Amino acid sequence: MFLSLLRSLPPKRQRIVLARELTIALIVLMAFLWGGKYALELMHLRQESVQIAGGIVLFLIGIRMIFPPPEGLMGELPDGEPFIVPMAIPLVAGPSGMAAVMLMGNNDPGRLGDWSLALLIAWGATAAILFSATYLYKVLGTRVLTAIERLMGMLLVAISVQMFLDGLGTYLQIAPP
């Protein structure tokens, strides 16, 4: 996905754009991790609502990865250099990722430092993979990458269903009769 979004740019500019988008995504995810509790309170949302919504969005993304539409995973994109959308948000910092970090920070606020470190490690791994995407594409080829994308889509669908069921189960346990 990232390769197709950046292919019209020179290689040096691709790295700059990728670094910028990854940085924006990290800032957004950290903001949701540290400020998610306050955002939930401000919007009068319960944790279960965010968990169920995140599961639904993740499910839709997973289905699109398994059965990609002709216009690509993210649909029609305007010409030019991507800025924030779709690379930073929703490809790196998507709704389900934002919901997940918000729920982690809300469930155990005493471990925000641990969660921040975990987020940085995951972000670093994501950055390493994305910066090596051109090399991986040359080594693995289109067929293998397509198979991996579909496999990851299936994994996302399974995670999304579990996220939805967890949210629904929590809601049903605490919902008034």
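The values are calculated or read from the model by the stated rules, or taken from the named source; none is laboratory data. Please read these numbers as outputs of a predicted model, since none were measured by experiment. Here Cβ is always computed from backbone atoms with ideal geometry, including for glycine, and neighbour counts include all displayed protein chains. We work out accessible area using only protein heavy atoms, side chains counted, and drop any ligands, DNA or RNA first. Shrake-Rupley method; radii C 1.70, N 1.55, O 1.52, S 1.80 Å.
Among the candidates ILE24, ILE63, ILE89, ILE52, which residue alone is β-branched (Val, Ile, Thr), in a helix (DSSP H, G or I) and surrounded by fewer than 16 Cβ atoms within 10 Å (Cβ to Cβ)? Walk me through it before giving the result.
Values: ILE24 fails: surrounded by fewer than 16 Cβ atoms within 10 Å (Cβ to Cβ); ILE89 fails: surrounded by fewer than 16 Cβ atoms within 10 Å (Cβ to Cβ); ILE52 fails: surrounded by fewer than 16 Cβ atoms within 10 Å (Cβ to Cβ).
Of ILE24, ILE63, ILE89, ILE52, the one residue that is β-branched (Val, Ile, Thr), in a helix (DSSP H, G or I) and surrounded by fewer than 16 Cβ atoms within 10 Å (Cβ to Cβ) is ILE63.
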query = Checking LEU58 against (1) modelled with pLDDT of 85 or more; (2) open to solvent by less than 30 Å² (accessible area, probe 1.4 Å), which single condition isn't satisfied?
reply = (1)
request  = Spot the failing condition for LEU77; the list is (1) closer than 19 Å to GLY167 by Cβ; (2) surrounded by fewer than 17 Cβ atoms within 10 Å (Cβ to Cβ); (3) at pLDDT below 85, and only one is missed.
outcome  = (1)
inquiry  = Contact list please: Cβ distance under 9 Å, first residue in the range 103-132 and free of Cβ contacts under 8 Å to residues at least 12 places away in the same chain and among the basic types (Lys, Arg), second residue surrounded by 12 or more Cβ atoms within 10 Å (Cβ to Cβ) and part of a helix (DSSP H, G or I), pairs at least six apart or on different chains.
reply    = ARG111/MET104; ARG111/GLY105
inquiry  = Step by step: first the residues of the range 130-149, then only those that are at pLDDT 90 or above and under 25 Å from ALA100 (Cα atoms), then the one that is surrounded by the most Cβ atoms within 10 Å (Cβ to Cβ). Which residue is that?
reply    = LEU130
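Please find, among VAL101, VAL144, the residue that is part of a helix (DSSP H, G or I) and under 16 Å from the mean Cα position of the chain (by Cα). Before the answer, list the steps.
Numbers: VAL144 fails: under 16 Å from the mean Cα position of the chain (by Cα).
After applying the criteria, what remains is VAL101.
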query = Using beta carbons and a limit of 7 Å, which pairs, at least six apart or on different chains, have the first residue in the range 14-33 and closer than 28 Å to ASN107 by Cα and the second one open to solvent by less than 20 Å² (accessible area, probe 1.4 Å) and among the β-branched types (Val, Ile, Thr)?
reply = LEU29/VAL101; PHE32/VAL101; LEU33/VAL101
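Assess whether GLY55 counts as being among the small types (Gly, Ala, Ser) and under 23 Å from GLY113 (Cβ atoms).
Numbers: among the small types (Gly, Ala, Ser): yes; under 23 Å from GLY113 (Cβ atoms): no.
Taking the combined requirement at face value, the residue does not satisfy it.
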